[in-house]
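Novice: The structure follows.
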Amino acid sequence: MALIRLQTEHFRNLTGDGVDFSPAFNLIHGENGSGKSSVLEAIGYLGLGRSFRVHRHQAVCCHGEKRFTVFGALNNGATDASDMVSTEVAHRVGFARDLADKETLLRHNGESVRSLSSLARLLPVSVIDPGVFEIVGGSPGKRRQFLDWSVFHVEPSFASLWQQCQRVTSQRNQALRDGRMDDHLLRVWDRQYGVLAEQVTEARQAAVTAFQQAFETLLEEVETPWVDGLKVDFYPGWDVKQSLVDVLVSHREQERRMGHTLYGPNRADLRLRYQGRPVAETFSRGQQKTLVILMKIAQGMVLSGLGKQVTFLLDDINAELDLGHRAMLANKLHELRCQVFMTSIERPRPDELWREDSLPEYRMFHVEHGRLTEE
């Protein structure tokens, strides 16, 4: 599915006018502060339930307002006999946040829904912005977030399973911090945590295997000097030569001193190595950017193979990628039939991104003072 119409109320500096988009490529340009990133941020709310730029809902609400809303219309992703993507509305979705009551209202085709995951599955949103490059050099949490986005869209039960695992982890952490620690109670939490950890890890491993296959296929298609020495391995969060429960018992005193869980799926990681050394230590900044872009494309390949259309939000990538890498990214996303929103300060030149004989369907927009105008 693709987002074919967007409307907002009291979101950043956006005027709130409804805008129709292409189910393929949407090229958006305007000066700094004009509202380009805010458009992508609003779209992100429909697929992520949050901003990819800030942590607090208050930051995206217009000054003086206590509520903001984002509405979207999605197509069904079908194509007709001429291979054109349908622009007929199949789903209407909405996200509203009341800042005073701290309540979130979700809507799907006029009905209230309780779970954000039901909306997120309709619109898989993948963000490529300057912050995404921390996947390589940042903390393991950044890579878990990258991994779990895939797991969520590949395995429908993962969201509920991960929530259960987090609740048990929280309870277990509380028991570890309790000065009168009850060993019997902790063993109960250990067993529950162990069962959930195995299920979470199984789902993650399946998603990693699919990602690795797509990634290897992609590396065969691109020219990079570091392909042969690159390895992407999944670390589940503990040494799987032992059961997690046994690991927890043997490290009881260590966890008790720290006051939180040190082993298990909350410590999982994607380990990126080149010739046996961490990529963050061996790759240049430019190489790390290329690697992250390829990893994002591989994620899109996995979902495309499952019949799902990903909506990519490319925020000001001209500042991060040279023309050659921008063209590579644009062409790969075109091959995957993804929906793409791409922002830049300068007016994009489609002829620099695609050959004339492979030019995709696209719309061009200019943003000024929060208003989008199609050119």
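The values are calculated or read from the model by the stated rules, or taken from the named source; none is laboratory data. On a predicted model such as this, the values are computed, not experimentally measured, just so you know. Heads up, the Cβs are rebuilt from the backbone with ideal geometry, glycines too, and the neighbour counts pull from every protein chain shown. Ligands, DNA and RNA are excluded from the accessible area calculation, which covers all protein heavy atoms including side chains. Shrake-Rupley method; radii C 1.70, N 1.55, O 1.52, S 1.80 Å.
Novice: Determine whether the range 214-223 contains at least one residue that is closer than 21 Å to LEU329 by Cα, surrounded by 13 or more Cβ atoms within 10 Å (Cβ to Cβ) and over 23 Å from the mean Cα position of the chain (by Cα). Quick ask: steps written out before the conclusion?
Specialist: Here is the first cut: in the range 214-223, the ones closer than 21 Å to LEU329 by Cα are 214-223.
Next, only the ones that are surrounded by 13 or more Cβ atoms within 10 Å (Cβ to Cβ) stay: 214-216, 218-219, 222.
Of the ones still in play, those that are also over 23 Å from the mean Cα position of the chain (by Cα) are 222.
Checked against the condition, which is being closer than 21 Å to LEU329 by Cα, surrounded by 13 or more Cβ atoms within 10 Å (Cβ to Cβ) and over 23 Å from the mean Cα position of the chain (by Cα), the range 214-223 yields at least one hit.
Novice: For the range 106-133, what are the residues that are over 12 Å from the mean Cα position of the chain (by Cα) and polar (S, T, N, Q)?
Specialist: If the condition is that a residue be over 12 Å from the mean Cα position of the chain (by Cα) and polar (S, T, N, Q), then ASN109, SER112, SER115, SER117, SER118 are the ones that fit.
Novice: Sticking with this structure for a sec: Restricting attention to the range 12-43, report how many residues are outside any loop (DSSP other than H, G, I, E, B) and of a type in the set (Phe, Trp, Tyr). Spell out the reasoning first.
Specialist: The first filter runs over the range 12-43 and keeps only residues outside any loop (DSSP other than H, G, I, E, B), leaving 19-20, 25-29, 36-43.
Checking the rest, the ones that are also of a type in the set (Phe, Trp, Tyr) come to 25.
Number satisfying all stated conditions: 1.
Novice: Quick one: in the range 193-209, of everything that is of a type in the set (Ser, Thr, Tyr) and under 26 Å from ALA298 (Cβ atoms), which residue is most open to solvent (accessible area, probe 1.4 Å)?
Specialist: Narrowing the range 193-209 to residues of a type in the set (Ser, Thr, Tyr): 193, 201, 209.
Then drop every residue that is not under 26 Å from ALA298 (Cβ atoms), which leaves 201, 209.
Details: THR201: 20, THR209: 57 Å².
Checking each candidate, the answer is THR209.
Novice: Taking the conditions exactly as written (closer than 22 Å to GLY305 by Cα and modelled with pLDDT under 90), does VAL222 satisfy them or not? First the steps, then the outcome.
Specialist: Working: closer than 22 Å to GLY305 by Cα: yes; modelled with pLDDT under 90: yes.
Answer is yes for this residue.
Here's the yes/no breakdown for (1) touching a residue at least 24 places away in the same chain (Cβ under 8 Å); (2) assigned to a helix (DSSP H, G or I); (3) closer than 26 Å to GLN166 by Cα:
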{"residue": "ALA197", "(1), (2), (3)": "yes, yes, yes"}
{"residue": "ARG204", "(1), (2), (3)": "yes, yes, yes"}
{"residue": "PHE211", "(1), (2), (3)": "yes, yes, yes"}
{"residue": "ALA214", "(1), (2), (3)": "yes, yes, no"}
{"residue": "THR224", "(1), (2), (3)": "yes, no, no"}
{"residue": "ASP233", "(1), (2), (3)": "yes, no, yes"}
{"residue": "TRP238", "(1), (2), (3)": "yes, no, yes"}
{"residue": "LYS241", "(1), (2), (3)": "no, no, yes"}
{"residue": "VAL249", "(1), (2), (3)": "yes, yes, yes"}
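Novice: Let me ask something else. Filter the strands (runs of 3 or more DSSP E) completely within the range 100-168 down to those with at least 1 residues that are surrounded by 18 or more Cβ atoms within 10 Å (Cβ to Cβ).
Specialist: Values: elements: 103-108, 111-113, 125-128.
By residue number, 103-108, 125-128.
Novice: Sticking with this one: Any residue in the range 20-39 that's farther than 20 Å from VAL310 by Cβ and charged (D, E, K, R): show its pairings with residues that are open to solvent by less than 10 Å² (accessible area, probe 1.4 Å) and part of a loop (DSSP other than H, G, I, E, B) at Cβ separation under 8 Å, as long as the two are six or more apart or on different chains.
Specialist: LYS36/GLY30
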